[in-house]
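*Asks:* Sharing a structure, written as structure tokens. Questions coming.
The values are calculated or read from the model by the stated rules, or taken from the named source; none is laboratory data. On a predicted model such as this, the values are computed, not experimentally measured, just so you know. When the accessible area is computed, the model is the full protein with side chains, heavy atoms only, and any ligands, DNA or RNA have been set aside. Shrake-Rupley method; radii C 1.70, N 1.55, O 1.52, S 1.80 Å.
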Amino acid sequence: MNVYLKLASSAVVALALVGCAAPGFFSLGGTIPTEDTTKVGKKYKANFGGYFDACNLNRTYGHVTYHDKYATSVPVRLEGHVVDAAQCVDFGLNAEVGCTKCQGWVDDATRATGLDLDFPEQGSLGYAKIRYRSQDQKNNPGNGTAYLCVADFGEGANADDSDYLLIKVTSGPYDGYLNSGEVQGNINEEACVW
């Protein structure tokens, strides 16, 4: 058996064992429209940046910041460390819980906005769970948990569609915040270097 066939067989076995979680590295930066849909225009944007690394499925890491000063209830200013992440490649019976959550949230959000995205077939979908700290400790103190779902649809003129980001906060001072949209900027999924 040649070396390439052995490596391919090992990769298939590894993917079968982990369900939808696959190694992946995502870098992200840019804007999406603010969560408050009554505010329209170029200046009404939420900003984000960071990365998450799930190349070693036993140890994920990364750092993310996210600001939406035009949010409906209170301005959202958070930053945090990634505690779980994956590149989502299979949404079948063995799917990883975070990837399944992302699939549902993205489907709901795109249906609500009329955005026609087909996950995961068109792009590389990534998931990250973040333990965040509010960057506004005076008015909104505390820590919490947030989830990012991102899609890389390619680069520049070769892109199939605009990149996409969804953020859902499930605890802490910004609990209940949900925003998603097409990215002005870039989501970039990169191959792991072994």
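*Asks:* Using amide H atoms built 1.01 Å from N in the peptide plane, name the residues 5+ places from D36, or on other chains, whose amide H lies under 5 Å from its own.
*Replies:* Answer set, sorted by chain and number: T72.
*Asks:* Considering only protein heavy atoms, with the full assembly of protein chains and a 1.4 angstrom probe, order Y70, Y164 by accessible area, largest first.
*Replies:* Y70, Y164
*Asks:* Could you please put T34, T170 in sequence from largest to smallest accessible area, using a 1.4 Å probe?
*Replies:* The ordering from most to least exposed comes out as T170, T34.
*Asks:* List the lysines whose Cα sits under 20 Å from the Cα of K138, skipping any in the same chain fewer than 8 residues away.
*Replies:* Output for K138: K69.
*Asks:* How much length is gained on full extension from T38 to R133, taking 0.36 nm per residue of separation minus their Cα-Cα distance? Before the final figure, lay out each step's value.
*Replies:* Numbers: separation 95, 0.36 × 95 = 34.20 nm, distance 2.74 nm.
31.5 nm is the gain from fully extending T38 to R133.
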